[in-house]
Amino acid sequence: MTRIVTLETMINEVHQQSANHFDEVVPVNEMEFDSLTRMWVSGKQIEVSPTAQRLLSNRLRVPFSYLSRCPAELQARNLNYWIEQEYKYRETFFCRFDADRLRAVFTERYTAIDHMEVLTKILETGFDPAAEIQFALDDQMMVLKMPEYDKAFYLAQQDKIVPGISIANSEVGILSLSIDAFYYRLVCTNGLISKTAVDARYKHISRRAMDEFPDIMRGVISQSQLGHDRFRISAETHVDNPESTIGTFARQFQITQKEAQIVKQAYYLEQGPATMFHVINAFTRAAQDRSLSASDAYRLERVGGQILSLVKT
């Protein structure tokens, strides 16, 4: 769930969450499974997080949907057989831990870019620790959105939109480090993450994102101020069947049936003319649903931005 706090408060929360995090290069032949949820690493029994379960299943080429339905003994038998096969081709894994819990498993090609490092770069870029920001944080990802209230514009009377910047990062392989334009609609507190000409999405296989961070930030901030025309045109574009249009976009951008239903419900929460703007607003309004994870909400806000980018200016 997105909250509004100061940048300093968020940094403190991320610091506390990561207090017991550490990384280790583990020999593959020192990994043994009791089940999908419990295993031994270098002689120590640990819990396997849901994210790490899926990463291990993918890495060992055992379908997670099959494993999760098996009894623990059969899970162990499958995983231990395939970890032995993996050792024929790979000697080590790069493992991420939270105390005695395995957070994620990668090859040594993976380059760790942690939340605290991203936040440090934000401060170095010149953002005020006391500035108000929006953020969501869970075990899978961090999403930070920084509105620039002095750059706000009006879509209509009393309908104020604030541009800004969105930064999302995952320490466990859910998504790349992403830096995008962000728009915050004050009347309903919806947020939209938009494509720009200088969007940056960096897989965790290099340090390029950190090396170029100040330039990327400046570029996205300048682009975020150019969205006024697209919003205006979207509000002038009539949609014959909004619910059908929502379904079409849901399929196009591959959101789940559950999420598509939440979007349709969100459309009717704010009655208005049948326009493309209100279709977009349904996706961003749906992102506020408390049943969604941070990654689910982020994806819906990005879909809203992708739909906006289709509007011809």
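Between ARG290 and GLN45, residue separation times 0.36 nm minus the direct Cα-Cα distance comes to 84.8 nm. Each label point was placed 7 Å from the Cα along the Cα-to-Cβ direction; for ALA131 and ASP211 their separation is 2.6 nm. Sorted on the mean count of surrounding Cβ atoms within 10 Å across their residues, most packed first, peptides 140-148, 214-222, 280-288 read 280-288, 140-148, 214-222. Summarising the amide proton neighbourhood of LEU102: residues at separation of 5 or more, or on other chains, whose placed amide H is nearer than 5 Å comprise GLU47, VAL48, SER49.
Could you please state, rounded to a whole Å, how far the C-alpha centre of segment 249-290 is from the C-alpha centre of segment 204-227? Between the Cα centres of segment 249-290 and segment 204-227 lies a distance of 29 Å. Listed from fewest to most Cβ neighbours within 10 Å, the set ARG302, ARG90, ARG61 follows the order ARG61, ARG90, ARG302.
For a straight C-alpha distance cut-off of 25 angstrom, the lysines reachable from LYS203 (same-chain residues fewer than eight places away being disregarded) are LYS121, LYS145, LYS195.
Residue separation of PHE64 and ASP34 scaled by 0.36 nm, minus their Cα-Cα distance, works out to 9.2 nm of gained length. The residues HIS238, HIS15, HIS278, when put in order of fewest to most other Cβ atoms within 10 Å, stand as HIS238, HIS15, HIS278. Of CYS95, CYS70, the sequence from fewest to most neighbouring Cβ atoms within 10 angstrom is CYS70, CYS95.
Obtain the nm distance between the two label points defined at GLN157 and VAL5 by a simple spin-label model: each point lies 7 Å from its Cα along the Cα-to-C-beta direction. Modelled inter-label distance: 4.0 nm.
Full extension of the chain between GLN17 and GLU124 yields a length gain of 36.3 nm, computed as 0.36 nm times the residue separation minus the alpha carbon distance.
Binning the alpha carbon pair distances of segment 21-106 at 5 angstrom intervals from zero yields the distribution 3, 16, 29, 30, 16, 6, 0, expressed in whole percent. On the basis of the beta-carbon distance and an R0 of 35 Å, TYR81 and ALA112 show a calculated FRET efficiency of 0.75.
Only the coordinates and a few stated rules stand behind these numbers; no lab work does. Just so you know, these numbers come straight off a predicted model, no measurement behind them. All Cβ positions, glycine included, derive from the backbone under ideal geometry; neighbour counts span all protein chains shown.
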